[in-house]
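The values are calculated or read from the model by the stated rules, or taken from the named source; none is laboratory data. This structure is a prediction, so every number in the text was calculated from the model and none was measured. Ideal geometry is used to build each Cβ from the backbone, glycine not excepted, and the neighbour counts take in all protein chains shown.
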Amino acid sequence: MRKAPPTPPVVVLDTNLVLSALVFASGRLAPLRSSWQNGRCLPLASQATAAELMRVLCYPKFQLSAADREELLADYLPHCRSVRIPARLPKLPQCRDPHDQMFIALATAGKADFLVTDDNDLLVLAPEFGGRIVTAEAFLAGLGAG
């Protein structure tokens with residue numbers, strides 16, 4: 001009898017990591033991109049995190065055309081599980097940067113195994129979040145992809 005393949009970890013990836021993995025295809029986060037493409041992790045997305053990604057892809061410094069942005073979004077969002085954030089959540093650790101709170105809410109509502117970030121405002125919350133907030137490097141090392 002064949003063993004079922006292991007269930008991939010359910011993850012919240014912060015916008016900066018997703019952006020780097022998408023825009024810099026051969027950069028240090030290329031293994032992160034291939035991990036979601038190959039089903040080695042299951043990213044979560046909420047309305048707020050998807051909207052932020054779409055907004056950031058429009059920044060002039062990236063010089064992306066509308067077609068480029070659509071292609072990059074199509075390389076990420078279909079791999080994500082959509083999570084609706086309920087109006088009432090349990091008491092959550094509060095991030096120093098209120099704009100990062102959406103990642104804590106998504107990780108909680110989506111029952112993520114990990115919140116993956118290189119943002120110190122989120123990383124300092126790891127002890128309050130059961131150690132499930134990890135750097136991209138640590139996450140990729142755990143997947144054997146780093």
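Under 6 Å between Cβ atoms, which residue pairs at least 6 apart in sequence (or on different chains) link something in the range 9-35 that is touching a residue at least 12 places away in the same chain (Cβ under 8 Å) and within 13 Å of Glu52 (Cβ to Cβ) with a partner that is of a type in the set (Gly, Ala, Ser) and buried (at least 18 other Cβ atoms within 10 Å of the Cβ)?
Hits for this filter: Val12/Ala107; Val12/Ala112; Leu17/Ala136.
State the number of residues belonging to the range 107-121 that are polar (S, T, N, Q) and either assigned to a loop (DSSP other than H, G, I, E, B) or under 20 Å from Arg81 (Cα atoms) (or both).
Here is the first cut: in the range 107-121, the residues polar (S, T, N, Q) are 108, 117, 120.
Pick out the ones that are also either assigned to a loop (DSSP other than H, G, I, E, B) or under 20 Å from Arg81 (Cα atoms) (or both) and you get 108, 117.
Summing the residues that are polar (S, T, N, Q) and either assigned to a loop (DSSP other than H, G, I, E, B) or under 20 Å from Arg81 (Cα atoms) (or both) in the range 107-121 gives 2.
Scan the range 122-145 residue by residue and report those that are surrounded by 13 or more Cβ atoms within 10 Å (Cβ to Cβ), part of a loop (DSSP other than H, G, I, E, B) and not β-branched (Val, Ile, Thr).
Selection gives Leu125, Arg132, Ala145.
Out of all the residues in the range 71-83, is one or more aromatic (Phe, Trp, Tyr), touching a residue at least 40 places away in the same chain (Cβ under 8 Å), part of a loop (DSSP other than H, G, I, E, B) and out of contact with any strand residue (DSSP E or B) (no Cβ under 7 Å at 6 or more places or on another chain)?
First, pick out the residues of the range 71-83 that are aromatic (Phe, Trp, Tyr): 76.
Add one more test, that the residue is touching a residue at least 40 places away in the same chain (Cβ under 8 Å), and what stays is 76.
Add one more test, that the residue is part of a loop (DSSP other than H, G, I, E, B), and what stays is 76.
With out of contact with any strand residue (DSSP E or B) (no Cβ under 7 Å at 6 or more places or on another chain) added as a condition, the list becomes 76.
For the range 71-83, residues aromatic (Phe, Trp, Tyr), touching a residue at least 40 places away in the same chain (Cβ under 8 Å), part of a loop (DSSP other than H, G, I, E, B) and out of contact with any strand residue (DSSP E or B) (no Cβ under 7 Å at 6 or more places or on another chain): present.
For the range 52-83, which residues satisfy the criterion of being farther than 17 Å from Cys41 by Cα and loosely packed, with under 10 Cβ neighbours inside 10 Å?
Of everything in the range 52-83, those that are farther than 17 Å from Cys41 by Cα and loosely packed, with under 10 Cβ neighbours inside 10 Å turn out to be Pro60, Lys61, Gln63, Ser65, Ala66, Ala67.
Filter the range 18-34 for residues that are under 14 Å from Cys80 (Cβ atoms) and either in contact with a His (Cβ under 6 Å, 6 or more places away or on another chain) or not small (Gly, Ala, Ser) (or both) and give the result. Walk me through how you get there before you give the answer.
Applying the first criterion (under 14 Å from Cys80 (Cβ atoms)) to the range 18-34 yields 18, 21-22, 32-33.
Val18, Leu22, Leu32, Arg33 - these are the residues of the range 18-34 that are under 14 Å from Cys80 (Cβ atoms) and either in contact with a His (Cβ under 6 Å, 6 or more places away or on another chain) or not small (Gly, Ala, Ser) (or both).
Being small (Gly, Ala, Ser) and touching a helix residue (DSSP H, G or I) at 6+ places or on another chain (Cβ under 9 Å) is the filter here; which residues of the range 40-55 pass it? Don't jump to the end; show me each part of the working.
Of the range 40-55, the ones small (Gly, Ala, Ser) are 45-46, 48, 50-51.
Ala45, Ser46, Ala48, Ala50, listed by residue number.
Scanning the range 17-36 for residues that are in contact with a helix residue (DSSP H, G or I) (Cβ under 9 Å, 6 or more places away or on another chain) and assigned to a loop (DSSP other than H, G, I, E, B), which turns out surrounded by the most Cβ atoms within 10 Å (Cβ to Cβ)?
Ranking the qualifying residues of the range 17-36, first place goes to Leu29.
Give the number of residues within the range 37-49 that are in a helix (DSSP H, G or I) and of a type in the set (Gly, Ala, Ser). Give the derivation first.
Step one: of the range 37-49, the residues in a helix (DSSP H, G or I) are 37, 47-49.
Next, from what is left, pick out any that are of a type in the set (Gly, Ala, Ser): 48.
Selection size over the range 37-49: 1.
Out of the range 13-61, which residues are among the aromatic types (Phe, Trp, Tyr) and either on the phi > 0 side of the Ramachandran plot or modelled with pLDDT of 95 or more (or both)? Full working, then the answer.
Applying the first criterion (among the aromatic types (Phe, Trp, Tyr)) to the range 13-61 yields 24, 36, 59.
Correct list: Trp36, Tyr59.
Given the structure, is Leu92 part of a loop (DSSP other than H, G, I, E, B) and either modelled with pLDDT under 95 or crowded, with 20+ Cβ neighbours inside 10 Å (or both)?
Working: part of a loop (DSSP other than H, G, I, E, B): yes; either modelled with pLDDT under 95 or crowded, with 20+ Cβ neighbours inside 10 Å (or both): yes.
Against the criterion (part of a loop (DSSP other than H, G, I, E, B) and either modelled with pLDDT under 95 or crowded, with 20+ Cβ neighbours inside 10 Å (or both)), Leu92 qualifies.
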